[in-house]
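To start, the structure itself, in structure tokens.
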Amino acid sequence: MLITRDGDFCQVDFDWRDDDPERPAHDVLVRLIGATDYAHDDGDLTAYLMERGDDGVWRLSLRLPAGFRTSYQFCPVRDEPLRGGHPDDDRWAAILTGGHPDPGHGAGIGPSTWPNYGQASVLSLPDAPAQPWVEPGGAPCGTLTRHTLGDSAIWVYAPAVDAAEHALAVLFDGKVWDGIGVTVAFDNLHAAGVIPPTVVVGVDSIHGLPRNQALTRPGVLRSFLLDELLPFVHKGWPVTADPARTVLAGQSLGGLAAVRIGFDHPDRFGRVLTQSGSFWRAADTPDEIDSPALFDAYADADRVPLRIFQEAGSLERTLLTRNRIFHGILLDRGIPVTYREYQGGHDYACWRGGLADGLIDLLGEPDALPAE
């Protein structure tokens, strides 16, 4: 890979050599999380298809904003040519499932991206927000233990820092975060002293339900979090009951769920961290979270004793627009909110830095946040 700066943009030159002479690729797609997916939605993948040179090397040049960050994979298409066509949903999923990281680019991220949960590479251009907490740096390691609560599953991270009482952060999609090594960030944050000693709970599954069902039903969430998870954690670890030191964090549907639960129960979760919250979503049934109703409730309610960290990506289209609207509602109601937009998509490569920054903002020392 070659990156060449050109003002506020960079030219990024990708190259890849096919390692399967018995079944050579007809086309090779570079999947940049967000950008390539939207190109598929728009019906034209041409900009993300590599060209095969006379030397057998596949190449692609893209002009991207200098602040852009994305995870990415190379997706060889071996069944039939992709160029000039538009794959249906089944073929699209099959193409993406065949993707793999860039062998010439070491920086990577663990399984995180539908429908391919293998490794991906990470491209961070020069002006992308700093992510100083995500790389191993020799910090003392906390402990991680796994637990079942009936038909639910969680993990609990306890820092290598003693305290009579710890702050608490509850994180949806714990299985994915564990897979990309998020505890490294927690170790680094504690070693630097930019957050107080904090126990972090990762929610792997809730009542055995599919993710989309578990995260969109406030009754299910309320019962699990308040009646099962919090009592279990308070019994097993020295964590605070102070809502001002208790964070509920989520991404996408998890970000929507975190806001809804925080709005309903600010006496338990007084800090909410929402990344790329799915505020576009309208309920299909009366027992689901409905974004329009949530917006109306916030707009009409008295000031809710919450503090919120909110971010969304520049590529997220309707989701970004809805996040901006929700941010405006928060400002109108006088709810303290830190809001930012990053140049990227619906992507853990972006969220992992934002998660660390959000914990600093909500629990710790905001002066420790990376400069914009």
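Residue count for segment 24-83, restricted to those that are surrounded by 20 or more Cβ atoms within 10 Å (Cβ to Cβ), small (Gly, Ala, Ser), at pLDDT 95 or above and in a loop (DSSP other than H, G, I, E, B): 1. Can you name every residue in segment 147-172 that is open to solvent by 10 Å² or more (accessible area, probe 1.4 Å), in contact with a Gly (Cβ under 9 Å, 6 or more places away or on another chain) and either β-branched (Val, Ile, Thr) or within 14 Å of TYR348 (Cα to Cα) (or both)? Within segment 147-172, VAL161 is the sole residue that qualifies.
The one condition from (1) closer than 30 Å to TYR48 by Cβ; (2) open to solvent by less than 20 Å² (accessible area, probe 1.4 Å); (3) not β-branched (Val, Ile, Thr); (4) not in a loop (DSSP other than H, G, I, E, B) that LYS175 does not meet is (2). When segment 238-255 is filtered for residues that are open to solvent by less than 10 Å² (accessible area, probe 1.4 Å) and of a type in the set (Gly, Ala, Ser), the ones remaining, listed by number, are ALA249, GLY250, GLY254, GLY255. Sort out which residues of segment 147-173 are out of contact with any helix residue (DSSP H, G or I) (no Cβ under 9 Å at 6 or more places or on another chain) and closer than 22 Å to LEU225 by Cβ, and write them in order of number. Once the filter is applied, which keeps residues that are out of contact with any helix residue (DSSP H, G or I) (no Cβ under 9 Å at 6 or more places or on another chain) and closer than 22 Å to LEU225 by Cβ, segment 147-173 yields THR148, ASP151, ALA158. Of note, LEU331 satisfies the criterion of being farther than 13 Å from LEU256 by Cβ, among the aliphatic types (A, V, I, L, M) and either free of Cβ contacts under 8 Å to residues at least 12 places away in the same chain or in contact with a strand residue (DSSP E or B) (Cβ under 9 Å, 6 or more places away or on another chain) (or both). Of everything in segment 190-231 that is of a type in the set (Ser, Thr, Tyr) and open to solvent by less than 10 Å² (accessible area, probe 1.4 Å), the residue that is nearest to SER278 (Cα to Cα) is THR216. Report, by residue number, each residue of segment 178-189 that is of a type in the set (D, E, K, R) and open to solvent by less than 20 Å² (accessible area, probe 1.4 Å). Selection gives ASP187 alone.
In the set (1) more than 21 Å from the chain's Cα centre (by Cα); (2) at pLDDT 95 or above; (3) of a type in the set (S, T, N, Q), the condition left unmet by THR285 is number (2).
Looking only at residues in segment 256-269 that are under 16 Å from ASN323 (Cβ atoms) and out of contact with any strand residue (DSSP E or B) (no Cβ under 8 Å at 6 or more places or on another chain), the one that is surrounded by the most Cβ atoms within 10 Å (Cβ to Cβ) is ARG260. Residues in segment 3-23 that are crowded, with 17+ Cβ neighbours inside 10 Å and assigned to a loop (DSSP other than H, G, I, E, B): none. Can we say SER124 is within 24 Å of GLN251 (Cα to Cα), of a type in the set (Ser, Thr, Tyr) and open to solvent by less than 50 Å² (accessible area, probe 1.4 Å)? Taking the combined requirement at face value, the residue does not satisfy it.
Select, from LEU221, LEU253, LEU229, LEU225, the only residue that is under 25 Å from GLY345 (Cα atoms) and at pLDDT 95 or above.
Working: LEU221 fails: under 25 Å from GLY345 (Cα atoms); LEU229 fails: under 25 Å from GLY345 (Cα atoms); LEU225 fails: under 25 Å from GLY345 (Cα atoms).
LEU253 is the lone residue from the list that is under 25 Å from GLY345 (Cα atoms) and at pLDDT 95 or above.
Considering segment 270-372, the qualifying helices (runs of 4 or more DSSP H), each wholly inside and each with 2 or more residues that are surrounded by fewer than 16 Cβ atoms within 10 Å (Cβ to Cβ), run over 291-300, 317-332. Among the residues of segment 121-154, those that are at pLDDT 95 or above and among the small types (Gly, Ala, Ser) comprise SER121, SER124, ALA128, ALA130, ALA139, GLY142, GLY150, SER152, ALA153.
The values are calculated or read from the model by the stated rules, or taken from the named source; none is laboratory data. Because the structure is a prediction, the values reported are computed rather than measured. Reconstructed Cβ throughout: ideal geometry from the backbone, glycine too, with neighbour counts over all protein chains shown. The accessibility values were calculated without ligands, DNA or RNA, using every heavy atom of the protein model including side chains. Shrake-Rupley method; radii C 1.70, N 1.55, O 1.52, S 1.80 Å.
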